1. Criterion first (more than 13 Å from the chain's Cα centre (by Cα) and modelled with pLDDT of 95 or more) does Asp52 satisfy it?
2. Note down all Cβ pairs under 6 Å where the first residue falls in segment 13-31 and is in contact (Cβ under 8 Å) with a residue 24 or more places away in the chain, the second is among the β-branched types (Val, Ile, Thr) and not in a loop (DSSP other than H, G, I, E, B), and they're at least six residues apart or on different chains.
3. Which pairs do you get when a residue that is under 23 Å from Arg127 (Cα atoms) and touching a residue at least 12 places away in the same chain (Cβ under 8 Å), found in segment 60-80, comes within reach of a residue that is β-branched (Val, Ile, Thr) and surrounded by fewer than 24 Cβ atoms within 10 Å (Cβ to Cβ), reach meaning Cβ atoms under 6 angstrom, with the pair 6+ apart or on two chains?
4. Taking segment 56-107 on its own, how many of its residues are more than 18 Å from Asn32 (Cβ to Cβ), small (Gly, Ala, Ser) and out of contact with any Ser or Thr (no Cβ under 8 Å at 6 or more places or on another chain)?
5. Would you be able to tell me the number of residues in segment 32-55 that are in contact (Cβ under 8 Å) with a residue 24 or more places away in the chain, part of a loop (DSSP other than H, G, I, E, B) and within 15 Å of Ile74 (Cα to Cα)?
6. Looking only at segment 3-29, which residues are more than 19 Å from Ala93 (Cβ to Cβ) and of a type in the set (A, V, I, L, M, F, W, C)?
7. Report, by residue number, each residue of segment 67-104 that is assigned to a loop (DSSP other than H, G, I, E, B) and either of a type outside the set (D, E, K, R) or touching a Lys or Arg at 6+ places or on another chain (Cβ under 7 Å) (or both).
Amino acid sequence: MALYSEKVMDHFRNPRNVGVIEDADGIGEVGNARCGDIMKMYLKIKDDIIEDVKFETFGCGSAIASSSMATELIKGQPVSEAMKLTNKAVAEALDGLPDYKMHCSVLAEEAIEKALEDYFEKHPNKRKDV
């Protein structure tokens, strides 16, 4: 059995939504000191829809794949749906991650959470009870 699924390898080799959004509505950065992975997420939100999302990740293949998949899962979605994204959903969408790499999907979830927190700090009138 292969260590990584084809989806993990595809998102590692061909990551989606890589880059920076200069005028981002929300930015979130997280890291894991133990493994050295760092993720930064940028959100562009219009009418409570995530219109665009980009990421920069310094880390292993699982971290890059998790970032890429997480952006694909929230792009075009309402903010309320993006707030519900879990690391488990990211890992499942990648057809699984080895147990010792699950922290990568946790970082992707946390980076999106931080970017949404930043968005709500900048736009407090947009926060809704979800």
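The values are calculated or read from the model by the stated rules, or taken from the named source; none is laboratory data. Since we're looking at a predicted model, the values are computed, not measured. So basically every Cβ, Gly included, is an ideal-geometry build from the backbone, and we count neighbours across all protein chains shown.
1. Judged against the criteria, Asp52 is not a match.
2. Taking only residues 6 or more apart or on different chains, the pairs are Pro15/Ile64; Asn17/Val53; Asn17/Thr71; Asp25/Ile45; Gly31/Ile38.
3. Pairs found: Pro78/Ile49; Ser80/Val130.
4. Result for segment 56-107: 5.
5. 1
6. Within segment 3-29, Val20, Ile21, Ala24, Ile27 meet the criteria.
7. Matches in segment 67-104: Gly76, Gln77, Met83, Leu85, Thr86, Leu94, Asp95, Gly96, Leu97, Pro98.
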